[in-house]
Structure formats: structure tokens, C-alpha cells
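First up is the structure itself, then whatever we jot down about it.
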Amino acid sequence: MGRAEKVVLAYSGGVDTTVCIPYLRQEWGVQEVITLAVDVGQGVSLATAELPETETRRQQELEAIRVKALAAGASVSIVKDVRAEFVQDYALPALKANALYEGRYPLSTALARPLIAKLLVEVAEEYGADGVAHGCTGKGNDQVRFDVSIAALNPKLKVLAPAREWGMSREETMAYGERFGLTFPVKKSSPYSIDSNLLGQSIEAGPLEDPWFEPPEEIYSLTQSVEHAPDRPEYVTLEFHQGEPVALNGEPLAPVALMERLNLWAGRHGVGRLDMIENRLVGIKSREIYEVPGLSVLITVHQALESLTLPKDVTQYKRGIEDTYAQLVYNGLWFSPLKEALDAFIQHTQQRVTGLVRVKLFKGMATVVGRQSPYSLYDPNLATYTAEDEFDHRAAEGFIYVWGLPVRVWSQVGRG
Ligand code: ARG
């Protein structure tokens with residue numbers, strides 16, 4: 001780790017990262033702490049998403065975070081809205097890869113970390129800082145994602161992770177902050193650990209640590225329960241251009257707006273809840289609840305469009321790559337030679353992934369019910385069983401003879 005004089009701290013406004021400010025200065029001799037709060041679309045809920053004052057409230061919350069850091073002793077407090085970059089440069093490449101960790105988790109939290117790391121490095125370089133800091137503990141994946149991404153982008157920067165070393169409980173952390181005049185709102189503290197952004201949220205800890213315990217309804221804020229989801233299905237048509245979603249029900253939308261809208265619609269129908277035991281990089285199994293309504297619909301429809309437009313061998317080869325890709329992103333290797341090489345492959349496969357997919361949202365399910373594309377490889381005259389059939393049935397016999405030849409030889413030899 002080493003000592004640093006001027007440090008850029010990833011700041012959320014929460015207890016831990018706020019206490020990091022005096023802690024870095026007092027205990028670790030840092031002269032100057034610059035805080036960076038990043039808006040990746042956190043803090044939205046199904047209940048508030050459509051209220052006209054939501055955008056104003058978001059601005060106020062960010063301003064409150066900015067001021068709070070200064071009050072805690074930051075010399076400069078920076079807030080950046082990076083929602084557009086987050087979706088365009090992180091979520092969409094992962095969507096093209098249909099990236100699902102362990103086949104299920106669409107990496108909503110994992111994808112934000114390399115972006116935050118990149119911004120930390122940029123601000124450090126801009127302000128001539130010799131270190132960056134974050135509030136991650138030593139048990140999770142996020143510390144790995146930050147540290148490795150920072151090392152990939154600027155190996156000279158020192159990375160300071162006070163919460164990995166201070167060994168303070170929640171109460172001790174607050175008591176430490178109080179010594180420096182910090183106050184923490186006496187709201188009923190939630191037993192859960194939540195991370196949220198425009199792609200969804202993860203919920204862990206508290207009673208959820210018991211894998212037999214059913215998640216209580218109140219932990220969900222982006223998705224409706226299936227019981228309360230509307231009794232009528234809703235149909236949504238998504239238009240894709242070269243693997244990227246560009247319009248919803250015929251209305252062209254920028255990626256952030258499209259993501260917000262889809263989160264709302266899918267969330268209302270109870271789509272996108274996950275409850276899983278997940279293998280962390282550090283070897284621990286953890287119980288994770290995710291709400292990822294929009295992103296899970298996007299992956300489902302993107303896969304459907306690929307099945308229509310990609311050749312058989314590309315589809316099947318890409319499946320294997322997708323799993324590797326998801327593991328790389330999960331394990332903190334966003335900025336790595338292998339991940340970047342896979343991106344190039346995946347990007348190349350998307351040239352004809354253009355067209356429409358119609359999906360039915362109903363009672364927790366997003367079901368693809370239709371697809372079309374100018375590059376469709378589906379040939380009705382080959383597929384049909386009617387008189388229109390153009391497939392030459394007689395060609396099958398010779399094909400099967402050649403296809404089955406190795407098996408025939410193997411069998412003859414075995415029989416002696
Ligand atoms: N297990 C998930 C992941 O590794 C969620 C992590 C949530 N992080 C947090 N600081 N609460 O991506």
C-alpha cells in the first residue's frame with residue numbers, strides 16, 4: 001500500500017466512505033483528500049421513478065453528498081454524472097456478450113467498478129495525486145475490481161483501502177467519525193448491504209445470510225412481487241441496431257432513457273428478481289438477491305435476435321466465450337488483454353444483430369414471442385413442412401452416409 005500525500009477517494013456519502021476522510025488524514029498521514037462521487041443512476045425505485053420531481057431530488061442528493069465530503073474534511077469534492085458512459089461503454093458491451101456470471105447474474109454491480117476506477121485515475125492525474133482510495137472491505141469482489149482496474153490504468157498510483165484494515169465495527173466506525181465532528185442520521189439502520197445503479201441492485205447480509213430464509217418483500221424496490229404484478233400481460237417491442245437497443249415500441253431512445261423505461265416496465269411485471277448462492281473470487285460463497293429488471297429483459301431479447309441472425313457455428317462458439325467474459329468481468333479483469341480481445345471478437349459478431357424482438361412481460365416472466373430482421377437467416381422455404389418446401393430431401397441420404405461414416409467404421413472394428 002505505502003504512504004500517499006494526496007489521495008482521490010471514491011465517495012458515496014455513506015458512513016464508511018465519510019469516515020475514510022478523517023481516517024486517511026489522521027491515521028495514515030494523508031495531507032489532502034479529494035473526494036469523487038459518481039452518479040451511475042443509483043437511488044431510483046419503482047415507486048419514485050415516474051415522479052416529475054425525481055430528477056430534482058437526484059440533483060439535491062448529489063449536492064448534499066458533495067457538501068458532506070467538504071464538511072468531513074475533503075479539500076475538493078467532485079460529483080460526476082456518468083450514466084451515459086456507464087450504459088454505453090460498460091453495460092452495452094456486456095449485453096453483446098450476454099454476460100451472466102454463473103449463468104444468472106448480469107453483473108450490474110461488477111460493471112460499475114471499472115468505470116469508477118477509471119474516473120479515480122483520471123481525477124488523480126488531473127490533480128497530481130499520488131494515490132487513490134476506496135471504502136471496500138477485505139471480503140468482497142469490489143476491492144479486487146477497484147485495485148486491479150487502477151493497476152491496469154496507472155500502475156504508479158498507490159491504492160489505499162482503509163476499511164480493509166481498520167477492523168472497526170459499524171458502531172466503532174461511527175464513534176470514530178463523531179470524534180471529528182461527523183454526525184450520522186439516526187435513521188433505523190437497515191441490516192442489509194445494498195449496492196444500486198441504473199442496471200439494478202444487489203442486496204445481501206442481515207437475515208439473508210441464512211440461505212433458507214425467504215427474502216422479505218420489503219427488500220425489493222425495483223420490482224413488484226408476482227402476486228401484485230398486473231393480471232394482464234404487456235407487450236414490448238425492442239429494436240436493435242448492431243447488437244445495441246435503439247428503440248422501445250417504435251420510439252427511438254438514448255441508452256440511459258431506454259434502460260430507465262425498461263426497468264420500470266419490466267419491474268412492474270415482477271421481472272428480474274434473482275436469489276442465488278454465488279461464488280465470490282475470494283473463495284466465499286455468498287447469498288445474493290438481485291433486482292435487474294431492464295438488463296435481464298435486454299439479455300433475453302438480445303439472445304433471441306442473435307439466434308435469428310448469427311450462423312450456427314458463430315452462435316455456438318460465442319456461447320463458450322460468453323461465460324469466460326462474464327467471469328473476467330466478475331473477477332475484476334475488465335481492463336485486461338483477454339477481456340479486450342474478447343470484446344473485439346464479440347463486437348465483430350454484432351454487425352448483423354439488427355432487427356425487432358417482441359417480448360411479453362407477465363407475472364415475473366419476460367417471454368420472447370416474435371423476432372424479425374433484415375439479416376434473418378431463417379428461411380421459411382427451407383423450414384416449412386408444407387408444399388412450399390424447397391429443401392432437397394434426397395440430399396439427406398448421402399449427407400447422413402458421410403456424417404455417420406466414422407461411427408460405422410468404429411462399430412465394425414469393435415465387432416471384430
Ligand atoms: N456480489 C455482487 C458482486 O460481486 C454484489 C456486490 C455488492 N457490492 C456491495 N458493495 N454491496 O458483483
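The values are calculated or read from the model by the stated rules, or taken from the named source; none is laboratory data. Keep in mind the model is a prediction, meaning the values are calculated, not measured. Here the Cβ is made from the backbone with ideal geometry for all residues, glycine too, and neighbour counts use every protein chain on show. Ligands, DNA and RNA are stripped out before the accessible areas are found, and what is left, the full protein with its side chains, is counted by its heavy atoms. Shrake-Rupley method; radii C 1.70, N 1.55, O 1.52, S 1.80 Å.
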Legend entry - Cross-chain or 6+ apart pairs with Cβ under 8 Å, segment 118-137 first and part of a loop (DSSP other than H, G, I, E, B) and within 16 Å of the ligand (Cβ to nearest atom), then open to solvent by 20 Å² or more (accessible area, probe 1.4 Å) and among the basic types (Lys, Arg): Cys136/Arg164; Thr137/Arg164
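One line per residue, one yes/no per condition, for (1) in contact with a Lys or Arg (Cβ under 8 Å, 6 or more places away or on another chain); (2) of a type in the set (Lys, Arg):
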position	(1), (2)
Arg57	no, yes
Lys80	no, yes
Ala84	no, no
Leu100	no, no
Gly103	no, no
Leu115	no, no
Tyr127	yes, no
Inset, instruction - Find the residue count for segment 97-142, including only residues that are open to solvent by less than 10 Å² (accessible area, probe 1.4 Å), farther than 22 Å from Glu204 by Cβ and not small (Gly, Ala, Ser). - result: 6
Inset, instruction - Collect the residues in segment 138-172 that are aliphatic (A, V, I, L, M) and either part of a loop (DSSP other than H, G, I, E, B) or more than 14 Å from the ligand (Cβ to nearest atom) (or both), keeping them in residue-number order. - result: Ile150, Ala151, Ala152, Leu153, Leu157, Val159, Leu160, Ala161, Met168
Legend entry - Test for Ile321: is it in a helix (DSSP H, G or I) and β-branched (Val, Ile, Thr): yes
Inset, instruction - Filter segment 199-220 down to the residues that are closer than 30 Å to Asp81 by Cα and not in a loop (DSSP other than H, G, I, E, B), then identify the one that is farthest from the chain's Cα centre (by Cα). - result: Glu218
Legend entry - Lone qualifier among Leu222, Leu199 - being surrounded by 11 or more Cβ atoms within 10 Å (Cβ to Cβ), touching an Asp or Glu at 6+ places or on another chain (Cβ under 7 Å), among the hydrophobic types (A, V, I, L, M, F, W, C) and in contact (Cβ under 8 Å) with a residue 60 or more places away in the chain: Leu222
Inset, instruction - Could you run through segment 361-374 and say how many residues are open to solvent by less than 90 Å² (accessible area, probe 1.4 Å) and under 23 Å from the mean Cα position of the chain (by Cα)? - result: 5
Inset, instruction - Would you point out which residue out of Val357, Val329, Val368 is in contact with a Phe, Trp or Tyr (Cβ under 8 Å, 6 or more places away or on another chain), in contact (Cβ under 8 Å) with a residue 40 or more places away in the chain, of a type in the set (Val, Ile, Thr) and in a strand (DSSP E or B)? - result: Val357
Inset, instruction - May I ask you to list the residues in segment 174-198 that are within 16 Å of the ligand (Cβ to nearest atom), part of a loop (DSSP other than H, G, I, E, B) and either at pLDDT below 90 or of a type in the set (A, V, I, L, M, F, W, C) (or both)? - result: Ser189, Ser190, Pro191, Leu198
Inset, instruction - Evaluate segment 304-323: report whether one residue or more is under 27 Å from Val44 (Cα atoms), surrounded by 16 or more Cβ atoms within 10 Å (Cβ to Cβ) and at pLDDT 95 or above. - result: no
Inset, instruction - Looking only at segment 50-65, decide whether some residue is open to solvent by 10 Å² or more (accessible area, probe 1.4 Å) and either within 16 Å of the ligand (Cβ to nearest atom) or touching a residue at least 60 places away in the same chain (Cβ under 8 Å) (or both). - result: yes
Inset, instruction - Among the residues of segment 225-263, write down those that are aliphatic (A, V, I, L, M), touching a residue at least 40 places away in the same chain (Cβ under 8 Å), under 17 Å from Val301 (Cα atoms) and not in a strand (DSSP E or B). - result: Met259
